[in-house]
Amino acid sequence: MKVVKDLYYTEDHEWVKVEGGEAYIGIADYAQDQLGDIVYVELPEIDDEFEQGEAFSAVESVKAAADVYMPIDGKIIEINEELLDDPALLNEDPYENWLVKIEIADKSQLDDLMTSEEYEKFLDEEA
Amino acid sequence: MYPYIPNTKEDEQRMLEVIGVNSVEDLFSDIPEDVKLKRDLNLNSSMSELEVAKYMKKLAESNTTIDDLTCFLGAGAYDHYIPSIVGHITSRSEFYTSYTPYQAEISQGTLQYIFEYQTLICNLTGMDVSNASLYDGGTAIAEAAFMASNITRRNKIIISKTVNPEYRKVLNTYAHLQSIEVVEIEDKEGVTDLEELKKHVDAKTAAVIVQSPNFFGIIEDLEAIGEIAHSQKRTMFVTSVDPISLGILKSPGSLGADIVVGEGQPLGIPLSFGGPYLGFMATKKAHMRKLPGRIVGETIDVDGNRAFVLTLQAREQHIRREKATSNICSNQGINTLAAAVYLVTLGKKGLREVATQATQKAHYAFKQITKSGKYKPLFDKPFFKEFAVTSSIDADKINNKLLEEKILGGYSLEKEYPQYKNGILYAVTEKRTKEEIDTLSSILEGII
């Protein structure tokens, strides 16, 4: 399963790419693989605020639907509208196709997340 | 007559032997003696089929129906003409069920009429998608409120008091159990008080719900109300409509509605003591996935033949049940079919004809009833097929007098709107004749 370096990961298989005070959030390769063909992505609205662990999006495949949880507190500043038209992009490249961009509320929460190395280990244990 | 139990004493004995007990009583030996009844049930003796039929007929004859009376009562249920083809098609055995299709794709006929019904409702309301129906106009409003609350993630619903009081009761009951706050806006001279509405719409408002023509029969300024609703980002504008009125009025979709609901009873469904009726619900494509119920689509099968499939159903109802906002998964099947047959029988022109006749006759009745000045208009606003008048005479007294003359009078507004004492709401459909209306007004003139 593909794991991209220098991203943060959660146990629910979300990834976080930090850029200054902002971050992109998406779902990991493992998550898209488990879901199968993705047919629908529900995204929040700009300015919505979420706390760590709160569901902010839902991804639906032909066989299942899963919530996507916010890895850290933050406010939505951008959503990836391309996914609304073409949800299958998540299957093609889950790291290139982020879900939302947030304004980070509390950077210290990043410590709660896994590094890419830790996530790789986590995946090995999961398997 | 002997009760229809085919087992003989011998059969009984053989069964008891097989399971190893001596008597039927032994089967109940676990039940303590002192709680046993020890006598026969106090029931009437059995009747033959002929006797039952006679008895039921006698009971039925003690009803007075709108076949015996001239009906000027509306208030949410209307005596419109039902073309005979509606009954013929809905009673065909292939269709005769009120229930949802199981093994749906095998029920191509059912899927086809749901598809056609949804298409018709979309055309009528000016919306993109319709579900396969809800229980009635009241539950449709409650479902719309949940849907709006779910989409906006807010829990305040604003509803005008000009919405049918029964629908508001249904909403309040449901909302209470879902921790949704319901704010009711007073009416001003028979329509939603827009100033009052403005004061209550805020960033917590999930939806503004109005009805037009409203409970008093008056056409609300939907455009203005929609603007107030949409003054808050994401707040949804929900309208409840009389589908017949859409034969002549602008569609709610073209006036900015986000969700359109209503009672489908006027579309070929008999009054029948208040139900079963039909709730319809339509919305914009953007909210399709939050629509309770199901959507049927048209496609082609492997051989290229036209075919129908259950295309979409809110995923929450199956694979994420804990997130479901609605338990609606069946629908009012047979009434959906009735509405579809009604609408295609009438066509665009026919529906316009029904709507025009109802309006013109209602306005004629209004003029006749109010011309002497004994009955005064309660409101001075444009109305569709219902209007309210008031007088110095008690509404129940008027209705009792009318009933003596085999006329089913109007709805006494005082029951739900104490401020409109002696107010009566009359409904006039295309079925009423000039003679019937003239008789009504002359009897009303005579009441002292």
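The values are calculated or read from the model by the stated rules, or taken from the named source; none is laboratory data. Values in this document were obtained by computation on a predicted structure and should not be read as measured data. For neighbour counting, all protein chains shown are included, and Cβ atoms are generated from backbone atoms with ideal geometry for every residue, glycine included. Side chains included, ligands, DNA and RNA excluded: accessible areas come from the protein's heavy atoms. Shrake-Rupley method; radii C 1.70, N 1.55, O 1.52, S 1.80 Å.
List of remarks:
- Ordered from largest to smallest accessible area (heavy atoms of protein chains, 1.4 Å probe), the residues B:Tyr135, B:Tyr102, B:Tyr277 come out as B:Tyr102, B:Tyr135, B:Tyr277.
- Between the listed residues A:Trp98, A:Ser61, A:Val41, the Cα displaced farthest toward the positive end of the dipole of the range A:31-127, a dipole computed from Cβ unit charges relative to the Cα centre, is found at A:Ser61.
- Cα-based shape type of the range B:14-92, given that a ≥ b ≥ c are square roots of the gyration tensor eigenvalues and the cut on a/c is 1.5: prolate
- Along its first, second and third principal axes, ordered by size, the range B:200-354 spans 54, 43, 34 Å in Cα coordinates.
- In the range B:84-342, the inverse of the mean reciprocal separation of distinct Cα atoms equals 18.5 Å; this is its Kirkwood hydrodynamic radius.
- If both residues of a DSSP beta bridge must be in the range B:84-342, then about 50% of such bridges are antiparallel.
- Note on exposure: B:Glu436, B:Glu445 ranked by accessible area (1.4 Å probe, complete protein assembly) read B:Glu445, B:Glu436, with the most exposed listed first.
- Compactness check for the range B:9-55: Cα Rg over 2.2 N^0.38 Å is 1.75.
- Annotation: the antiparallel percentage among DSSP beta bridges lying fully within the protein assembly as shown is about 75.
- Calculated Rg and Dmax of the range B:156-199 using C-alpha coordinates, Å: 10.8, 33
- Solvent-accessible surface (1.4 angstrom probe) belonging to B:His287, in square angstrom, nearest 10: 30
- Annotation: average projected area of chain B is 30.5 square nanometres, based on the convex hull of Cα atoms across all directions.
- 222 nm mean residue ellipticity, helices alone, for the protein assembly as shown (DSSP H n ≥ 4; -39,500 (n - 2.57); rounded to 500): -9500 deg cm²/dmol
- Principal axes of the range A:8-108: Cα extent on each, largest first, Å: 35, 25, 21
- Here the protein assembly as shown is assigned +1 on the Cβ of each Lys and Arg and -1 on the Cβ of each Asp and Glu. Its dipole about the Cα centre then comes out at about 3780 debye.
- Rg in Å to one decimal, and Dmax rounded to a whole Å, for the range B:30-188 via C-alpha atoms: 23.7, 68
- DSSP bridge pairs, chain B: antiparallel proportion in percent, nearest 5: 55
- If you look at the Cα atoms of the protein assembly as shown, you get an Rg and a Dmax of 30.2, 93 Å.
- Here the Kirkwood formula puts the hydrodynamic radius of the range B:325-425 at 16.4 Å, using every distinct Cα pair.
- Proximal lysines to B:Lys250, defined as alpha-carbon separation beneath 22 angstrom and excluding residues fewer than eight positions away on the same chain: B:Lys284, B:Lys285, B:Lys348, B:Lys349, B:Lys361, B:Lys381, B:Lys385
- Dipole of the range B:13-147, positive direction: furthest Cα of B:Ser29, B:Ser46, B:Thr119, with charges on the beta-carbon: B:Ser46
- Computed from Cα atoms, the angle from the helix B:333-370 axis to the main principal axis of chain B rounds to 40 degrees.
- Computed about its Cα centre, the charge dipole of chain A is approximately 220 debye, with only Lys, Arg, Asp and Glu carrying charge at their Cβ.
- Working from Cα pairs under 8 Å separated by at least six residues, relative contact order for chain B is 21 percent.
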